[in-house]
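The values are calculated or read from the model by the stated rules, or taken from the named source; none is laboratory data. Computed from a predicted model, the values in this text were never measured in an experiment. Every residue, glycine among them, receives a Cβ derived from its backbone with ideal geometry; neighbour counts consider all protein chains shown. When the accessible area is computed, the model is the full protein with side chains, heavy atoms only, and any ligands, DNA or RNA have been set aside. Shrake-Rupley method; radii C 1.70, N 1.55, O 1.52, S 1.80 Å.
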Amino acid sequence: MSEEKSIFTRIIEGEIPCFKIFENEYVYSFLDINPVCPGHVLVIPKEPASYLHELSPESSSELGKALPRICKSIIEITGASNYNVIQNNGSEAGQTVFHVHFHIIPKYPESTHSFTWKTVKLDKKAALELSQKISDNIE
Ligand code: AMP
């Protein structure tokens, strides 16, 4: 974790302005400054963790509770019944701000953005080994 305050910690502390959506003891939410489309919202923990796997159980649980409430409000207010929730970890995964954040991005009938990727067929033998290893490693 970086020693320097992230831009999002500075937003939480009121040093940098934002269009605030939600705040409680653990969670903060505001409009993305460079939205993909209207209603593109960021939801962040107040805990200054860089990556999702570093978050405390308290922050994770509060984020989990806040996300559906904020999604519900966004779709009711924007009229977009479809949306994506995206969360990037690491620069190669597209992360540019190293403070955990979830993007909520509405998808309107006229939206042209897409989040697609190429897939391969799952190899059953490798899948069995990998799923067991990951499962056994969960703390
Ligand atoms: P990511 O690429 O997943 O790290 O996303 C970081 C997001 O933070 C981008 O979509 C930026 O537009 C957004 N962002 C950066 N600075 C600000 C800011 N001051 N206020 C609101 N959103 C911001």
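Table for the structure above
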| item | result |
| --- | --- |
| Spin-label pair Glu13/Glu76, simplified geometry with 7 Å Cα→Cβ offset, distance in nm | 3.5 |
| Cross-link reach list, lysines versus Lys107, counting only Cα pairs under 18 Å and skipping chain neighbours closer than eight places | Lys72 |
| Approximate spin-label separation Ile33-Glu92, in nm, with each point projected 7 Å along Cα-to-Cβ | 2.8 |
| For the chain, the longest site-free run once chymotrypsin sites (Phe, Trp or Tyr not before Pro) in DSSP loop states with at most 12 other Cβ atoms within 10 Å are removed | 20-114 |
| Surface share of carbon and sulfur [accessible, 1.4 angstrom probe, percent] for the chain | 56 |
| Whole-number accessible area per residue in Å² for the range 24-139, which is evaluated in the context of all protein chains at 1.4 Å | 68 |
| Rough spin-label spacing in nm, given labels placed 7 Å along Cα→Cβ, for Ala126 and Glu139 | 2.8 |
| With all protein chains modelled, accessible area of Thr116 [1.4 Å, Å²] | 120 |
